[in-house]
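For reference, the structure discussed in these notes is given below.
The values are calculated or read from the model by the stated rules, or taken from the named source; none is laboratory data. All figures in this text were calculated on a predicted structure; none of them were measured in a lab. Don't worry about glycine lacking a Cβ; one is built from the backbone with ideal geometry, like all the others, and counts go over all protein chains shown. To get the accessible areas, we keep the full protein, side chains included, count just its heavy atoms, and leave off ligands, DNA and RNA. Shrake-Rupley method; radii C 1.70, N 1.55, O 1.52, S 1.80 Å.
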Amino acid sequence: MPKTRKKVAVALLGLGTVGLAVAELLEKNRQLIESRVGASLELKSALVRDKAKARPGLPPGVVVTDDPSAVLDDPEVDIVVEVMGGFEPAYAYLRRAIEGGKHVVTANKAVLAKHWDDIFHLAHDRSVDVYIEASVGGGIPCVQAINDGLAANRIERLTAIINGTTNYILTGMASNGQSFEKALKDAQAHGYAEADPSFDLDGMDACHKLAILGSIAFDQRVRVEDIHLQGIRGISKQDIDIARVEMGCVVKHLAMARVRRSDGALEVQVVPALLPLDHPLAGVDGVNNGVLVSGDAVGEVLFSGRGAGGGPTASAVISDIIFVARNVAVGVAGRVPSIPYDVEKVQSRRIVPAEEISNRFFVRLTAVDQPGALAAIARVFADHAISISSVAQNEKEKGSTVPVYVSTYSAPERAMRECVAALERLPTVRPNTLVLRLEVPEA
Ligand code: NAP
Ligand code: HSE
């Protein structure tokens with residue numbers, strides 16, 4: 001029988017939005033959490049940049065330090081919880097913790113997406129646990145659900161809203177008429193945005209998360225470089241309104257991975273897209289995230305809930321702490337990898353290059369309102385073998401230019417990129433074209 005332990009010691013790397021919420025929730029639900037672990041949990045220390053900063057709500061007794069060695073080299077610390085963010089020194093500290101035989105819980109999707117293989121191989125070599133629930137979906141336990149709960153299935157498709165900040169902004173613009181800038185400020189004030197919010201707005205945060213979920217769901221390594229990426233900048237309230245009125249759709253920032261029927265290759269993209277109002281993800285609003293997974297046995301499963309913010313993320317972090325602490329308490333930590341790390345041995349589907357992915361499109365052009373303008377536009381689409389499914393132009397928007405919305409049938413991304421370049425060479429089209437995907441099945 002393995003030895004049992006009465007106490008498990010935890011240390012935090014970072015005491016910001018997530019770190020403080022973890023400390024507070026551990027204290028608030030201590031009795032319940034410890035009864036679930038089967039041992040007492042000591043939150044021993046926390047690493048920060050600025051020791052002098054006030055940490056309202058931090059329970060007494062936690063040593064706050066700016067010396068990484070005080071945490072990483074402390075022989076009494078069993079579990080290091082990395083909630084610092086950024087690539088470095090976070091990755092170096094994670095490695096150091098693992099090399100020192102400490103179990104790790106991390107919310108850092110940027111480091112995971114970049115160093116996935118190294119982290120899980122090192123953890124395997126050193127027989128330590130690495131748990132990552134909070135890295136995707138905030139409070140939604142989607143990592144464990146896909147990794148364990150759906151493990152019997154061949155996953156065919158994953159469509160997700162996995163960035164709370166961009167969803168909060170798009171929802172604010174759609175329902176309250178908030179400006180992009182005001183909605184972003186609100187998201188930052190709530191602690192939803194990354195330290196550098198361009199990671200949210202330009203889609204890299206969702207891209208990191210799709211690399212993680214994709215690597216688990218499709219049994220093969222999905223790398224950031226494999227993902228076709230477009231953020232949400234440039235989308236206006238007017239675009240969102242037209243999408244609803246003309247197309248019966250909402251605009252969402254989607255992370256999508258799907259096995260292509262024709263050849264079994266994998267398409268992975270993070271792109272703004274129109275979704276029909278009755279789509280399961282259409283009503284996932286505000287800071288909420290939604291992950292829709294399609295498995296060959298289970299069919300469609302939807303996970304949704306708050307995708308960012310201190311409380312929900314602490315919920316996910318502490319669920320991982322509980323798993324690891326239980327393992328430590330009964331002496332079996334590090335025996336079973338939490339994530340299958342040798343995924344390349346399982347599958348090796350071709351990943352479709354971004355330019356070859358086929359989508360339907362919803363394109364906003366800024367056109368000079370004069371005879372022949374629309375005919376010239378239609379000609380360019382035809383020249384690129386892209387078939388138009390509808391056109392909308394609102395007379396009320398008429399000035400020297402007018403927005404023209406063109407939706408299309410399915411075409412390769414390369415054809416659309418070349419089409420936009422040709423459209424913007426027309427004397428009647430101005431250069432701020434917006435290209436969204438249209439996630440509406442062809443009739
Ligand atoms: P945050 O509020 O910016 O907090 C970062 C914390 O890390 C701060 O306490 C900071 O110290 C500390 N820190 C940063 N760099 C450090 C360094 N070089 N040395 C020592 N300490 C350092 O970030 P957060 O929102 O809590 O996010 C933390 C992580 O969780 C990130 O990986 C993020 O992507 C992930 N995450 C966040 C959310 C969310 O909703 N916020 C949700 C899921 C996952 P000071 O306080 O002294 O500055
Ligand atoms: N910035 C991230 C988001 C935090 O808005 O979704 C949660 O991972």
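Site pair Ala54 and Tyr409 shows an inter-label distance of 6.4 nm when each label is modelled 7 Å from Cα along Cα→Cβ. Once the convex hull of the alpha carbons of the chain is built, what does its volume come to per residue, in cubic angstrom? Enclosed volume per residue, from the Cα hull, is 150 Å³.
Between Arg425 and Lys28, what is 0.36 nm times their sequence separation minus the Cα-Cα distance? Round to one decimal in nm. Please list the in-between numbers first.
Working: separation 397, 0.36 × 397 = 142.92 nm, distance 6.16 nm.
Fully extending the segment from Arg425 to Lys28 adds 136.8 nm.
Accessible area per residue for the chain, computed on protein heavy atoms with a 1.4 Å probe, is 42 Å². Rounded to the nearest 0.05, the FRET efficiency derived from the C-beta distance between Ala378 and Val298 at R0 = 51 Å is 0.70.
Residues Lys44, Lys53, Lys185 ordered from highest to lowest accessible area at a 1.4 Å probe: Lys185, Lys53, Lys44.
Under a 1.4 angstrom probe, counting protein chains only, how are Met416, Met247 ranked by accessible area, largest first? Spell out each step's value before the answer.
Working: Met416 5, Met247 55 Å².
Result, largest first: Met247, Met416.
For the chain, the relative contact order works out to 18 percent when only alpha carbon pairs closer than 8 Å and six or more residues apart are counted.
Could you list the GluC sites (Glu not before Pro) in the range 347-443 that lie in coil according to DSSP, counting only those with at most 11 other Cβ atoms within 10 Å of their Cβ?
Working: sites: Glu355, Glu356, Glu395, Glu397, Glu413, Glu418, Glu424, Glu439, Glu442; in loops: Glu424, Glu439, Glu442.
Counting only loop positions with at most 11 other Cβ atoms within 10 Å, the GluC sites (Glu not before Pro) in the range 347-443 are Glu442.
Cβ-Cβ distance of Ala392 and Lys182, R₀ of 22 Å, FRET efficiency by 1/(1 + (r/R0)^6): the value works out to about 0.20.
What order, most packed first, do the peptides 120-128, 301-309, 367-375 have when packing is the mean number of other Cβ atoms within 10 Å of each residue? Walk me through the intermediate numbers first.
Working: 120-128: 16.9, 301-309: 20.1, 367-375: 13.8.
Ranked by mean Cβ neighbours within 10 Å, highest first: 301-309, 120-128, 367-375.
Here the accessible area is traced with a 1.4 Å probe on the protein chains. For the chain, carbon and sulfur cover 51 percent of it.
State the antiparallel share, in %, of DSSP beta bridges confined to the chain, rounding to the nearest 5. Percent antiparallel among DSSP bridges in the chain is about 65. Across Pro60, Pro403, Pro272, mean-square fluctuation computed from a Gaussian network of the chain (C-alpha pairs under 10 Å connected) peaks at Pro60. The orientation-averaged projection of the convex hull spanning the C-alpha atoms of the range 26-182 amounts to 13.1 square nanometres. For the chain, complete DSSP H runs whose alpha carbons reach 24 Å or more along their own long axis and whose mean Kyte-Doolittle score is -1.0 or higher are 310-329. Note on the range 60-132 and the range 1-39: Cα centroid distance 16 Å, given to the nearest whole angstrom.
In this entry, the range 357-438 is assigned a mean projected area of 4.7 nm², taken as a quarter of its C-alpha convex hull surface. Relative contact order for the range 357-438: 49 percent, from Cα pairs under 8 Å spaced at least 6 residues apart, divided by residue count.
The range 151-305: Rg/Rh from Cα coordinates, Kirkwood Rh?
Answer for the range 151-305: 0.97.
Remark: relative contact order (the range 151-305) = 35 percent; criterion is Cα-Cα distance under 8 angstrom and separation of 6 or more residues. Measuring r between the beta carbons of Ser262 and Ser175 and using R0 = 45 Å, the FRET efficiency lands at 0.70. Label positions at Asp67 and Ala92, each projected 7 Å from the Cα along the C-beta direction, are separated by 1.8 nm.
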